[in-house]
1. Hey, got the dipole for the stretch 128-212? About the Cα centre, +1 on K and R Cβ, -1 on D and E Cβ, debye to the nearest 20?
2. Would you mind getting the accessible area per residue of the chain, heavy atoms of the protein chains only, 1.4 Å probe, in Å²?
3. Can you give the % of DSSP beta bridges in the chain that are antiparallel, to the nearest 5?
4. Report the normalised scattering of the chain as log10 I(q)/I(0) at q = 0.09, 0.12 Å⁻¹, calculated by the Debye formula with identical scatterers on the alpha carbons.
5. Please tell me the relative contact order of the stretch 187-285 in percent, rounded to the nearest whole number, where contacts are Cα pairs under 8 Å and at least six residues apart.
6. If the limit is 29 Å between Cα atoms, which of K180/K256; K180/K210; K97/K277; K81/K267; K210/K267 go over it?
7. Stick to Cα atoms and the Kirkwood definition of Rh, then tell me Rg/Rh for the stretch 24-178.
8. On the protein heavy atoms, probe 1.4 angstrom, tell me the percent of accessible surface of the stretch 48-184 carried by carbon and sulfur.
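The values are calculated or read from the model by the stated rules, or taken from the named source; none is laboratory data. Just so it is clear, the structure is predicted and the values come from calculations on it, not from any experiment. Cβ coordinates were reconstructed from backbone atoms using ideal geometry, including for glycine residues, and neighbour counts include every protein chain displayed. To get the accessible areas, we keep the full protein, side chains included, count just its heavy atoms, and leave off ligands, DNA and RNA. Shrake-Rupley method; radii C 1.70, N 1.55, O 1.52, S 1.80 Å.
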Amino acid sequence: KYKKFGLGILISFFLTVSSNADTIRIATEGAYPPWNSIDSSGKLVGFEVELANWLCIYMKADCKIVEQDWDGMIPSLRLRKYDAIMAGMSITEERKKVMTFSQGYATEPATLAVMKGSSLEGMNTPDAINLDRSSSDVKKALKTITASLSGKTVCTQTATIHQTFLESGDVGNVKVRTYKTQDEVNLDLASGRCDVALAAKASFIEYAEKSGKAVVTVGPNLAGGAFGGGVGVGLRKADQFGEDSSFGKRDAQLLKDFNDAIDIARKTGKISELAIKWFKDDVSM
């Protein structure tokens, strides 16, 4: 299912797209609010949907969006089903083995969430920890999280940084239940099938506000380590098909164009503006 990414007449005031320019196909999940989602009319909406619109304006490019299930996101990129990913995808060393990323455009702190009344509500940890720092506070917080999750079922979306963290050993041997989408995680948390869940903090806040469910976040905001270095545009490596091939040259140019466009979006305040609109907070990098 494809949806045109243009802004109609409005774009004509900003740029003139070359008639022979290649269309840039950008994939998003459409199921990870407020990063990206589908509204009641079936329209793709969210922070990344609007940001992608603006990046395409700055690149003077014709763009289309492609809805793609999360678990097939990277394989389909490598198979050239589309050219770029904007789907709340964190920049991690593991992913960089098979793809490349633009500079980061937003941060995505992760957190645990429970239903109000859970025994985990009183978890005593710092407000935030960065796993890239081996401080006593980080070690103490991980020890507290490990004890709190012992014997609990922790739910999270499959093939995410959150699953990677839970299975890393940083918080012991955790009983992990995975789901295809974040919506499924939220529903099972609310129904009591999960003792606790792990995801982007913004996703839990969004779900609590829209559903009216008594979902509360607990423990610290988590960053660094398995959680990577912010969210960026995912792209193919230029050498996947040979750097001197037409594919390789185009992929290398796309990386440069997205980085240049993100620079413009940051300097003009557009990323901050969209972040505040969708997150109620400036999560720009």
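1. The calculation lands at about 260 debye.
2. Result: 47 Å² of accessible area for each residue.
3. Working: 24 of 41 bridges.
Just about 60 percent of them are antiparallel.
4. Cα-only, vacuum Debye calculation for the chain: -0.44, -0.77.
5. Working: 55 pairs, mean separation 13.1, N = 99.
Computed over the stretch 187-285, the figure is 13 percent.
6. On the way: K180/K256 32 Å; K180/K210 21 Å; K97/K277 34 Å; K81/K267 31 Å; K210/K267 32 Å.
From K180/K256; K180/K210; K97/K277; K81/K267; K210/K267, over 29 Å: K180/K256; K97/K277; K81/K267; K210/K267.
7. 1.02
8. Here carbon and sulfur together make up 45 percent of the probe-accessible area.
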